[in-house]
Amino acid sequence: MEGIFKVKLLSCLIALIFLLVSPEPALAQPPEPPGKVYLVVVDKLSINDIDAGTTPGLAALAHKGAIGLVSNRTLGSSNTENGSLTVGAGNLARSFSPGIAAYNVDETVPGLHKSAGEVYQLTTGMDLDSAQCVLISLPALSAGMGKENTNTRLGSLGETLKDHGFKVCLLGNGDNGYTADARSRPSAAIAMDGSGRIPLGNISHQMTIPSASFLGLETNYSFLRQEVSRYKETADVIVIELADLARLERAPAAVPDVLKAERIRLLNNIDNFVGELKTQITGNDILLVISPSPAKQQLDSKDSFTPLLAYGPGYHGLLTSVSTRRDFVVANTDIAPTILSFLGIKDHGIHMIGQPVTAKPANGLDALDAAQALSASTALTNRLRSPLVRAYVIYQIIVIAVALLLLAVFRKTFQWLPPLVLVMGVVPLVLLPLGKISLHHEWAYGLIAVLSTLLLTWVLSVAFKANYYKAFLFVSFTTLLALNVDLLTGATMIKSSVLGYDPMAGARYYGVGNEYMGVMIGCSILVSAAVYQAWQRKWVLWLIGLFLVFQAILISNPGWGANTDGALTAPAAFLVTLMFFSDIRISVRNLLIVASLIGFSVLGLVIFDLSRPPDLQSHVGRAANQVLTGGWQEALTIILRKASMNLKLIRYTIWSRVFLAVLAALVVLIYRPTGAMSRLQAECPRLFQGFSGILVGAVVGLIVNDSGIVAAATTSIYIIAPVLLLIFSQSEEPCQELVPVQDEG
């Protein structure tokens, strides 16, 4: 009973501290002028296309207005249609066959010999409602989206604007020709309402002219200027599609010099138009320049950020949003809430997951240069991630396999094997600060990582006189300390680490990612178990409990680790570990008590986040708001989405091989070498209990995380490595090498 009381008390402390601790600074408030919105869509525009020489108008927007980098996450790949649907919905979306088929209502639909207005009415059963443009493929897109585990509503931006009396106009297209296959009007997905209607605009063949180059067609800027002047008085939001860069990407192949010259020509045309448009808007209007998808060349170099330029009242410096909490970085789902917020519409409903983009001072930085540097460094981390992580994973699998072969088949070990196991714990520490180093060649990062790992392994071997179990404990504690300090100081190392997360992909922008969350849980329990194995006193157990409470808060607090799934995983792993340490019998009743205490801990986190202003809430509070508004169906949608992502990752990520290798190794070690695990359990009972707690954390992380297999794999490193090192130990009493066990009884 005393043990249960301890666990209850510690859980209550978790919930209480969540309510008391909030390190979040206040963000700048979005502007509120009642002007017009000009949204210029330049697909395939790169942040590196913007410079004072080639694009002086865009560069002026960056310096006189505000600039940011957009993470273009969608439900599918980063292409134009998926990006446009996502921007218009303010939530993740993707396209389905036949894609975005949009027309002026009086245009004849190829192959059907009817006007688009007639086709729309026949296929939807809805009136045109005086719309000038329609999306006739909306039924197919809606049917496809209905099969996705999401609450996305296509056209949420236009629908919300319509509900509040604002009119949207769409001008321009991305057509390559006049046949059905060559028509491209993706920005219709941004401007349309929930029924696929656009009140004002012109997206017909009038918006293009034959190109003098090899493009086929290009934007008719002369006619476009006339149409902007025509609609600027009646429209509140004008969406302008400038698709020449996208046309260039779809054009016939050309030699590099020709392609470069043509791209510069097209950029000059775009820049001239945007610069002219900037001079025509009034002081209360805003001008936004976005790109729904990155160019193929960017994707090839794993640089998928696209620029966002904002010019108007309240926009000067660099852009950020509550969604990302990162300077310069915003999400594509933030564009729609930004437009709505600018027009005074604060309630975005449950269908939008984005948050309004705000500006903050650049504090002496050249915002354009800083944005380009951030894009380059993030792309570098992405390019390094695959080879370094893959090498680490393959290395772990090989070492585990060799160790099992020697132990189970040949029943012997070699002196060179323990250092190889120690490397498994050294690598996460080496990879943490690696991204902060600036090197001229990408291959040099791999070389530095290998040399640093070898050097640190050798230093630990010498320092601990070849006691690799002690060395592994030390490097685990050092890794945990480094992660703690980094999270408390803004997670600058995690942000740039290959074991961190990818803000370009848009799954996470701040806090601790699943890789290092698993490392933190594994290290925390391993260090706690080693300490309690050495000093089995009640006051030590209390200190361990407080330590684990702090780690749980650090992992899941919205201002630090901000890992929502970690709010379930860490308390579960830590509470079960404390039950083991307290010698509480595992029963259905006790497990239900633990589950209820975890529920109270998570509830404390949710209440804490909900108690803060909406613009300071993390994804925890926003998800809770969605559930409170949408009910059990919304909760089910979130659960299904996470489960779907987890199953996908289990199939495709290389981390799943590590977790399976660890599970297989633990099963084999129960039987071979004979008696080894039994001896370990008898001589190192507290450490063995810690291993059980780590395994619980890995399994819970696998179940509740949307990238659970990653967290499970990194957590399980801290079971298999120390188990192997203890079995390798030649000492008669390996767990008593640190400090003699002292038990108060």
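Calculated FRET efficiency, A444 to A52, Cβ-Cβ distance, R0 = 41 Å: about 0.85 to the nearest 0.05.
The ranking of I709, I521, I494 by Cβ neighbour count inside 10 Å, starting from the fewest, reads I494, I709, I521. Loop-located chymotrypsin sites (Phe, Trp or Tyr not before Pro) in the range 401-439 (DSSP state not H, G, I, E or B) with no more than 15 neighbouring Cβ atoms inside 10 Å: F414, W416. Annotation for W458 and F550: the two label points, set 7 Å from Cα along the Cα-Cβ direction, are 3.5 nm apart.
For the pair A391 and T123, a Förster radius of 45 Å applied to the C-beta separation gives a FRET efficiency near 0.30, rounded to the nearest 0.05.
A run of the chain free of exposed loop cleavage sites, with GluC sites (Glu not before Pro) counted only in DSSP states other than H, G, I, E and B and at most 11 other beta carbons within 10 Å, reaches its longest extent at 234-731.
Full extension of the chain segment joining N272 with A373 gains 33.8 nm, where the gain is 0.36 nm per residue of separation less the Cα-Cα distance. Subtracting the Cα-Cα distance of A507 and N284 from 0.36 nm times their residue separation leaves 76.8 nm of extension gain. For the range 444-500, applying the loop criterion from DSSP together with a ceiling of 10 other beta carbons within 10 Å to the trypsin sites (Lys or Arg not before Pro) yields K465. Report summary: the helix-based calculation at 222 nm, which adds -39500 (n - 2.57) for every DSSP H run with n ≥ 4 and divides by the residues of the chain, gives -18000 deg cm²/dmol. Pairs of Cα atoms nearer than 8 Å and 6+ residues apart set the relative contact order; for the chain it is 17 percent. Estimate the FRET efficiency between D163 and R585 by the formula 1/(1 + (r/R0)^6), using the beta-carbon distance for r and 51 Å for R0, to the nearest 0.05. About 0.30, to the nearest 0.05. The C-alpha atoms of the chain define a longest principal axis, and helix 367-404 lies at about 40 degrees to it.
If you keep only loop residues by DSSP, which trypsin sites (Lys or Arg not before Pro) in the range 110-182 have at most 11 other Cβ atoms within 10 Å of their Cβ?
Passing both the DSSP loop test and the Cβ count: K147.
For H441, H348, H316, the sequence from fewest to most other C-beta atoms within 10 Å is H441, H316, H348. To the nearest 10 degrees, how steep is helix 632-652 against the longest Cα principal axis of the chain, on a 0 to 90 scale? Relative to the chain, helix 632-652 is tipped by roughly 70 degrees. Multiplying the residue separation of F414 and I437 by 0.36 nm and removing their Cα-Cα distance gives an extension gain of 4.7 nm. Please say if the range 37-355 is rounded, prolate or oblate, where rounded means a/c under 1.5 for a ≥ b ≥ c the square roots of the C-alpha gyration tensor eigenvalues, and otherwise the choice is prolate for a/b larger than b/c and oblate otherwise? Since a/c stays below 1.5, the shape of the range 37-355 is classed as rounded. With both residues required to sit in the range 37-355, DSSP beta bridges show an antiparallel share near 50%.
Can you give the percent of C-alpha pairs in the range 400-518 whose distance is more than 19 Å?
The answer is 55 percent, as a whole percent.
The antiparallel fraction among DSSP beta bridges confined to the chain stands at about 50%.
List every residue whose amide H lies under 5 Å from the amide H of V105, counting only residues 5 or more places away in sequence or on a different chain, with H placed 1.01 Å from N in the peptide plane. Amide H neighbours of V105, under 5 Å, 5+ apart: C133, V134. For the range 562-574, backbone phi angles converted through the Karplus equation (6.51, -1.76, 1.60; θ = phi - 60°) give residue-by-residue couplings of 6, 9, 4, 5, x, 5, 9, 5, 5, x, 4, 5, 6 Hz, Gly and Pro being listed as x. Summarising the label geometry, the points placed 7 Å from Cα in the beta-carbon direction at L543 and I654 lie 4.1 nm from one another.
Sorted fewest first by neighbouring Cβ atoms within 10 angstrom, T279, T378, T333 come out as T279, T378, T333.
In the set (1) 47.1; (2) 35.6; (3) 33.8, the label that goes with mean projected area of the Cα convex hull in nm² computed for this structure is (3).
Give the percent of DSSP beta bridges with both residues in the range 110-219 that are antiparallel, rounded to the nearest 5.
60
Relative to the dominant Cα principal axis of the chain, helix 685-704 is inclined by about 20°.
Coordinate-derived values only; no laboratory data. Treat the numbers as computed from the prediction; the structure is a model and nothing was measured. Glycine also receives a Cβ, built like all others from the backbone with ideal geometry; neighbour counts cover every protein chain displayed.
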